[in-house]
Every structure is written in C-alpha cells, then in structure tokens.
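A short write-up of the structure that comes next.
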Amino acid sequence: MDVLVIGAGPAGLTAATYLARFRRSVLVADGGEPRAAWIPVSHNMPGFPEGIGGDAILKRMRLQAEEYGAEIQSVFVQSLERDGDGFTAQLGEDRISARAVLLATGVVDHHPDLPGIENAIARSLVRICPICDGFEAIGKSIAVIGDSDLGAREAAFVRTYSEKVCLIHVGRPEALTRHDDLKRLGVPVIETTIEKVHIEGDRLTALSWGGKQTSFDAVYSALGTTPHCGLAVDLGAALGEDGRMVVDDHQETTVPGLYAAGDVVRGLNQLTVASAEAAVAATAIHNRFRQAEGMTAD
C-alpha cells in the first residue's frame, strides 16, 4: 500500500482522488460521520451558488475518489506505528503497511449540552460556523453561546451581519474578560447556566440571573473544538499551542512521511481550505515517492 488516508471528510477524500490519479494505491479509513455531514446547506462552496448540503458534497467526493480506484473502508484506525521508513496501522482485525500516511482526522465540536441539539443544528437554528453561513443571518437576532473569550471574539465577528447580537456566557464569570470590547460593539452579555437555555420551536431562549427571558432567531456555538491528534502524538509528532498538528509548507508533520490536512491542522475549518491542503499533501507525497523511485529529472 502506498498511502493510508485516515479520515473521509473533504480533506481525506480530496487526497484520495489526487493520489489515485497519481496512480498510487490508496486506502481511506472512514472512521465515522465527518464534521462536514453536519452542514445543512453551504452557500460558500465554490461552484454551487444555489447551495449544497454537506452529505451531498461528501457523496460526490466519495464517488469521485472511487472512480479513480481509491479504496474506502468503514473502519477505525486503532494504532499507528513506525515501520522502517513507512508505517504499520491496525484497522479492525487487519494490520496493513503504508509508505506514507495522511491524517485528515478533523476535530470534534463542543456542542452545547441542550436537548435536541442535533436536530437544531440540522435545522440551522444552532450553527457552528459564521464564516460559512453568517450571510444567511443578516439582520437576524443572533446569540453566541460561549464559556470563554472565544465567545466574545465570535460575537464580535458576527456583528458584521447584524446589530442584534448577544453573547450568552455559560462559563465561569472570570473566564470572560472582554466586557469592554463587547460594550463598545453593542453586544449585551447574558451570564447564565446552560440549564437555563432552551430550544423552543424555531427559536432559542435564554433566562438570565435577573429573570429576564430573551429569544433569538439564530444561535452560534463558540465552545471550541478538540482536534483528533492522538495517532500522531503517539508517533511523537509536534502540536501547536492550539493543540493542532504542526506541518511544513508541504503539509508534512515533524514525523517524516506523516502528513496532515484539514481541520486537524488549522482553525479556519473550511471545506475549501481542507481540500486545498489535501491537494498540497497528496502532491508532496507523490513527489516524495518519485524521488525515492528515481523518477525525477533532477
């Protein structure tokens, strides 16, 4: 096996298509529902002005990768080890070897602990990416749920789209230090517990300590994410201060032959960014093999 791609989101599937078209043998380990599957409709995906859902995007990308010979298996990678110049991975009951590995393992969102949160995300009531769909919230009454200054930063970003933005701070009072910035931007703060936030029909309501109840048309979660870096850490790969993978200009980690692309690398968390990084990584892997095989004119 030339390349093991871990993760079947936009980054993993893009890499699989590129590598297969480079005539490399590639296996994609699909460990579960990618984060992109949460997208109800994306209107900033290039080439789809009418919008397209995350499931549809993934289906198209999967078909494209398989069209050129990439193999995709629904399996978790339990472990990843160095094996000479390559790697050995445990996939379910199988143990395979690969000359290179691309991590496209993404991140896990910290969703608000609210009843019906999955359905609310599917209906775009609770959202996770203002870069993706803030335009669709123009002029609406918007709340940002946060438990730190990350919530304040996201509320400030959302002010681009509406003057009716509120921060629901559900963390410790001392975790929010940007009160002056929020006041300058005209963003009120409701300090409450998550137990006093409710999804009711097509709106979300929050009850503050003063007993005042406020409802919103759209809600953004700014509770952070956790990158899936465990396999790389076990190999000794370096992480940045944000807990994501450190890579060079070719998406190679600090472990030779181990590459990473997508949300596990950068905090922008965009489909197009993930695909672009995967294209860079796949091309670098192919050129690495060409060098080793004496197939260059250098």
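Only the coordinates and a few stated rules stand behind these numbers; no lab work does. Keep in mind the model is a prediction, meaning the values are calculated, not measured. Note that we place each Cβ from the backbone using ideal geometry, even for glycine, and neighbour counts take in every protein chain shown.
Things worth noting here:
- Alpha carbon convex hull of the range 1-97, volume per residue in cubic angstrom: 100 Å³
- Cα-only radius of gyration and Dmax that characterise the range 111-222, units Å: 12.6, 35
- Three-way shape label, the range 69-163, alpha-carbon gyration tensor, a/c 1.5: prolate
- Of the residues Gln213, Leu268, Pro256, the one whose Cα sits farthest toward the positive end of the charge dipole of the chain, with +1 on the Cβ of Lys and Arg and -1 on the Cβ of Asp and Glu, is Gln213.
- Compactness of the range 119-163 was expressed as the Cα radius of gyration divided by 2.2 N^0.38 Å, which yields 1.10.
- Annotation: amide H of Ile168 within the under-5 Å range of Val144, Ile145, Gly146, Ile190, sequence separation 5 or more or interchain, hydrogens built in the peptide plane.
- Cα-based shape type of the range 129-190, given that a ≥ b ≥ c are square roots of the gyration tensor eigenvalues and the cut on a/c is 1.5: prolate
- Placing dummy labels 7 Å off each Cα toward the beta-carbon, the span from His111 to Arg82 is 3.9 nm.
- For the range 110-174, GluC sites (Glu not before Pro) meeting the loop criterion (DSSP other than H, G, I, E, B) and having at most 15 other Cβ atoms within 10 Å: Glu163.
- Exposure proxy shown here: for Thr205, Thr105, Thr253, the number of other Cβ atoms within 10 Å sets the order, fewest to most, as Thr205, Thr253, Thr105.
- Relative contact order for the range 49-153: 10 percent, from Cα pairs under 8 Å spaced at least 6 residues apart, divided by residue count.
- Each DSSP beta bridge with both residues in the chain is either parallel or antiparallel, and the antiparallel ones are about 45%.
- Contact order relative to length of the chain, as percent, for alpha carbon pairs under 8 angstrom and 6 or more apart: 20 percent
- Put the Cα centre of the range 181-196 next to the Cα centre of the range 226-275 and the gap is 33 Å.
- Simple point charges give the picture: +1 on the Cβ of Lys and Arg, -1 on the Cβ of Asp and Glu, and for the chain a dipole about the Cα centre of about 600 debye.
- Filtered GluC sites (Glu not before Pro), the range 183-291: DSSP coil and at most 12 other beta carbons within 10 Å: Glu241
- For the range 204-297: rounded, prolate or oblate by the Cα gyration tensor [a/c cutoff 1.5]: prolate
- Across q = 0.10, 0.12, 0.13, 0.16 Å⁻¹, the chain modelled as identical point scatterers on its alpha-carbon atoms has Debye log10 I(q)/I(0) values of -0.60, -0.81, -0.91, -1.18, in the order of the q list.
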